[in-house]
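S.K.: This structure is in structure tokens; I'll ask about it shortly.
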Amino acid sequence: MQNTNTQNQNQTKIQNPSTQVPKSPQMNERDFVNDILSTEKYMTNSYSTALNEASHQHLYDDLLTIFTETQNMQHDLFNLMFQKGWYKLEAEDTQKIQQSFQQHQGYMNQFPYQGTIQ
């Protein structure tokens with residue numbers, strides 16, 4: 001467990017300065033935006049499942065339009081939270097990224113039809 005804590009301390013946090021919100025039992029702007037973002041993530045996930053299971057082309061097209069709008073809203077909300085410093089990212093070690101890339105590159109060699117996948 002200590003190794004994980006040390007590892008996390010070495011990672012660089014990527015975030016903007018946090019926009020202050022009132023601390024009270026009532027929901028504040030950050031709480032509302034976070035709640036909407038969570039809802040949009042859930043909806044995007046649900047629309048994705050519906051798209052995979054749509055058996056009628058017009059239904060699929062309508063769902064795809066709604067999915068795209070929902071996905072775009074989710075992205076806009078993420079950007080808003082990130083700009084206000086309410087959403088943090090952690091930079092990953094370059095060596096770990098390279099190792100992961102090489103590992104997944106090796107998976108591609110296992111595909112039976114390597115020449116037809118683009």
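The values are calculated or read from the model by the stated rules, or taken from the named source; none is laboratory data. Quick caveat, the model's predicted, so the values are computed rather than measured. Every residue, glycine among them, receives a Cβ derived from its backbone with ideal geometry; neighbour counts consider all protein chains shown.
S.K.: Pairs please, first residue from segment 88-103 and under 30 Å from ASN34 (Cβ atoms), second anywhere and among the β-branched types (Val, Ile, Thr), Cβ atoms under 6 Å, 6+ apart in sequence or on different chains.
M.R.: LEU89/ILE14; ALA91/THR12; ALA91/ILE14
S.K.: Step by step: first the residues of segment 11-35, then only those that are assigned to a helix (DSSP H, G or I) and free of Cβ contacts under 8 Å to residues at least 24 places away in the same chain, then the one that is nearest to the chain's Cα centre (by Cα). Which residue is that?
M.R.: ASP35
Residue-wise test of (1) touching a Ser or Thr at 6+ places or on another chain (Cβ under 6 Å); (2) over 30 Å from VAL21 (Cβ atoms); (3) surrounded by 10 or more Cβ atoms within 10 Å (Cβ to Cβ); (4) modelled with pLDDT of 95 or more.
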| residue | (1), (2), (3), (4) |
| --- | --- |
| MET73 | no, no, yes, yes |
| THR94 | no, yes, no, no |
| PHE101 | no, yes, yes, no |
| PHE111 | no, yes, yes, no |
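S.K.: Next up: Got a number for residues in segment 36-61 being among the hydrophobic types (A, V, I, L, M, F, W, C), more than 26 Å from PRO17 (Cβ to Cβ) and within 14 Å of the chain's Cα centre (by Cα)? Outline the logic, then answer.
M.R.: Of segment 36-61, the ones among the hydrophobic types (A, V, I, L, M, F, W, C) are 36-37, 43, 50-51, 54, 59.
When the remaining residues are screened for being more than 26 Å from PRO17 (Cβ to Cβ), the result is 43, 50-51, 54, 59.
Of the ones still in play, those that are also within 14 Å of the chain's Cα centre (by Cα) are 43.
Within segment 36-61, residues that are among the hydrophobic types (A, V, I, L, M, F, W, C), more than 26 Å from PRO17 (Cβ to Cβ) and within 14 Å of the chain's Cα centre (by Cα) number 1.
S.K.: Scan segment 9-61 residue by residue and report those that are closer than 30 Å to THR94 by Cα and aliphatic (A, V, I, L, M).
M.R.: Within segment 9-61, ILE14, LEU37 meet the criteria.
S.K.: Of everything in segment 11-31 that's touching a Leu at 6+ places or on another chain (Cβ under 9 Å) and loosely packed, with under 12 Cβ neighbours inside 10 Å, which residue is farthest from GLN83 (Cα to Cα)?
M.R.: So in segment 11-31, the residues touching a Leu at 6+ places or on another chain (Cβ under 9 Å) come out as 13-15.
Then drop every residue that is not loosely packed, with under 12 Cβ neighbours inside 10 Å, which leaves 13-14.
On the way: LYS13: 14, ILE14: 11 Å.
Filtering segment 11-31 for residues that are touching a Leu at 6+ places or on another chain (Cβ under 9 Å) and loosely packed, with under 12 Cβ neighbours inside 10 Å, the one farthest from GLN83 (Cα to Cα) comes out as LYS13.
S.K.: Considering only residues of segment 62-118 that are more than 17 Å from the chain's Cα centre (by Cα) and among the hydroxyl-bearing types (Ser, Thr, Tyr), which is farthest from ALA50 (Cα to Cα)?
M.R.: THR94
S.K.: OK, next. Which of the residues that make up segment 46-68 are under 26 Å from MET81 (Cα atoms) and surrounded by 12 or more Cβ atoms within 10 Å (Cβ to Cβ)?
M.R.: Correct list: SER46, TYR47, SER48, LEU64, ILE66, PHE67, THR68.
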